[in-house]
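The values are calculated or read from the model by the stated rules, or taken from the named source; none is laboratory data. Quantities reported herein were computed from a predicted structural model and do not represent experimental measurements. Positions of Cβ are generated from backbone atoms using ideal geometry, with glycine treated the same way; all protein chains shown enter the neighbour counts.
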Amino acid sequence: MNDNISRITLVLIALVASAFVVKSCVGGDPGDGDRQTRDPAAETDPSTRSATAATESGQLDPNAGSETLGGDAPGGARGGDPPPGGVQGGGAGAEAAVAPMKRRDVGTPLEDGTVVKLQVPYKAGTTTRYRIENATTQRNRENDLTVFMRRFDDVTTKVTNVAEDGTARVRLTLNAIRLQAYYPNGLIIEFDSRNPDDTILDNPTTALVVKPMLALIGIPVEFQLTTNGAPIEIEGLQAWRDAWEEAVERVAPGDSREISTPFARDTVLLEWRELLFPPVVGEPLAAGTPREIELLRDTMQKAYVQFKGPMEVTHNDGDVFRVRMSAKPEMVARQGKARSPQEKAIAKVHIQSSIGGYYAAWRFNAAKGRLEDAEIEAKYQLWVSWPSGQTAGGSTAYQPVFLQMERQTRVELLSDAPDDE
């Protein structure tokens, strides 16, 4: 397993924390020759989906070839915040788990039959700052190797235009990032963009995780929201792609062509549809009478995770209302060609989950025209396989990896967030 491939894995995990996949303990490398450039035409609309066949194999392994820096990793660091420090290493069994985030019961609960207007009247000029905490644990069920990541993104949104039909354009800018990451080879990364650690930025392995994130700070994108409050289009995304690719290429030339960009149109629209702009705006809804909605997230592995289930309104305090949904995570094949050699190598993707494996709640302030907070939880098992040769009978053999995925997300207003700018 070469160091180049291990570094590609680190950056993939770092940038797609909700959907990262590690090909743990699978032999063979795709090699450094015949690199393929990502195909922009493969970026498809998630509303049309079909599976694509894999013809090549490629294995990524963070458990071999990664650089280990200083000290000893704390063994069995389960259930709490990672310890202080910049970059640490050692202990092959270092692991961490997401500490459960308690669900909140905010506001006045509604009696069944109470009707609530699900409207968020946007106002041009409204500026809001949020902190988005995303904690993810991925455990390989075969060998129990675990990757843990907690990332804090501080973002600013500004409503730039409101049309006569109430739809809005909202500009989003990433202001700061704080990262805590544990890898099963003992590598630990803790980084704060407001107080950057040069030991992380100067090391090629950790720089490939952190620098592409930093490259996005201060670059705005603008979402066009549709009538249900969800984003339907995005402007400025190419600037994010270019900044990310340039940062990757400066650290590891050629690596950005090996993996699928985390900034494909569908990937970004689906992510922010869940975090800040869920499709909940519409006709009044009575408590106890749910309405079905659908959310998707890109796994970066030729498939989406689908969360489709009943949404209900649960709380209302005049101008502030709360909705929640529950769903069973399912797999939906992604339409179009593979976006990279990393994705093309995959033969099969499958998801197993339980009813209620996904939970989300959003609270909106209609008077101020904004989201107040959100909490999201997802738990499912992701099965990914690659061709690994032929069986004795001459048919294709597959090497599977079976991963337990857990994600917890919280969106909070920052205390100094202004109502208007």
> How many residues are more than 18 Å from the chain's Cα centre (by Cα) and assigned to a helix (DSSP H, G or I) if we restrict to segment 233-244?
Replying inline: 4
>> Among the residues of segment 106-123, are any part of a strand (DSSP E or B), polar (S, T, N, Q) and either within 19 Å of residue 223 (Cβ to Cβ) or out of contact with any Lys or Arg (no Cβ under 6 Å at 6 or more places or on another chain) (or both)?
In response: no
> Can you name the number of the only condition in (1) buried (at least 17 other Cβ atoms within 10 Å of the Cβ); (2) over 22 Å from residue 182 (Cα atoms) that residue 210 fails?
Replying inline: (2)
>> One residue is enough: does segment 307-317 have a residue meeting the conditions over 21 Å from residue 105 (Cβ atoms), touching a residue at least 24 places away in the same chain (Cβ under 8 Å) and in a strand (DSSP E or B)?
In response: yes
>> Out of the residues in segment 161-185 meeting the condition of being part of a loop (DSSP other than H, G, I, E, B) and under 22 Å from the mean Cα position of the chain (by Cα), tell me which one is farthest from residue 227 (Cα to Cα).
In response: 184
>> Which of the numbered conditions does residue 148 fail, given that it passes all the others? Conditions: (1) at pLDDT below 95; (2) in contact with a helix residue (DSSP H, G or I) (Cβ under 8 Å, 6 or more places away or on another chain).
In response: (2)
>> Return the pair list, or none, for Cβ contacts closer than 7 Å from residues in segment 147-175 that are closer than 27 Å to residue 377 by Cβ and in contact (Cβ under 8 Å) with a residue 60 or more places away in the chain to residues that are of a type in the set (D, E, K, R) and surrounded by 20 or more Cβ atoms within 10 Å (Cβ to Cβ), at least 6 apart or on different chains.
In response: 148/95
> Here are some conditions: (1) closer than 23 Å to residue 155 by Cα; (2) touching a residue at least 24 places away in the same chain (Cβ under 8 Å); (3) surrounded by fewer than 20 Cβ atoms within 10 Å (Cβ to Cβ); (4) out of contact with any strand residue (DSSP E or B) (no Cβ under 6 Å at 6 or more places or on another chain). Residue 227 meets all but one. Which one does it not meet?
Replying inline: (1)
> Could you list, in sequence order, the residues of segment 136-160 that are among the charged types (D, E, K, R) and either crowded, with 19+ Cβ neighbours inside 10 Å or in a strand (DSSP E or B) (or both)?
Replying inline: 139, 150, 151, 153, 154, 158
>> If I ask for residues that are free of Cβ contacts under 8 Å to residues at least 60 places away in the same chain and either part of a loop (DSSP other than H, G, I, E, B) or over 20 Å from residue 167 (Cα atoms) (or both), which ones from segment 268-288 would you list?
In response: 279
> Would you pick out the residues in segment 197-224 that are without any contact (Cβ under 8 Å) to a residue 12 or more places away in the chain and either under 22 Å from the mean Cα position of the chain (by Cα) or part of a loop (DSSP other than H, G, I, E, B) (or both)?
Replying inline: 202
>> Quick check on segment 242-260. Is at least one of its residues within 30 Å of residue 309 (Cα to Cα), of a type in the set (A, V, I, L, M, F, W, C) and surrounded by 18 or more Cβ atoms within 10 Å (Cβ to Cβ)?
In response: no
>> I'd like to know if segment 87-98 contains one or more residues that are modelled with pLDDT of 90 or more, surrounded by fewer than 17 Cβ atoms within 10 Å (Cβ to Cβ) and part of a loop (DSSP other than H, G, I, E, B).
In response: no
>> I need a count of the residues in segment 123-173 that are small (Gly, Ala, Ser) and under 29 Å from residue 192 (Cβ atoms).
In response: 1
> Only one residue in 327, 367, 378 is aliphatic (A, V, I, L, M) and out of contact with any Phe, Trp or Tyr (no Cβ under 8 Å at 6 or more places or on another chain). Which one?
Replying inline: 367
>> Checking the conditions here, which among 158, 211 is at pLDDT below 95 and not aliphatic (A, V, I, L, M)?
In response: 211
> When segment 261-283 is examined, which residues are found to be out of contact with any Gly (no Cβ under 7 Å at 6 or more places or on another chain) and at pLDDT 95 or above?
Replying inline: 268, 269, 270, 271, 272, 273, 274, 275, 276
> Out of all the residues in segment 395-413, is one or more under 30 Å from residue 124 (Cα atoms) and either at pLDDT below 90 or out of contact with any Lys or Arg (no Cβ under 9 Å at 6 or more places or on another chain) (or both)?
Replying inline: yes
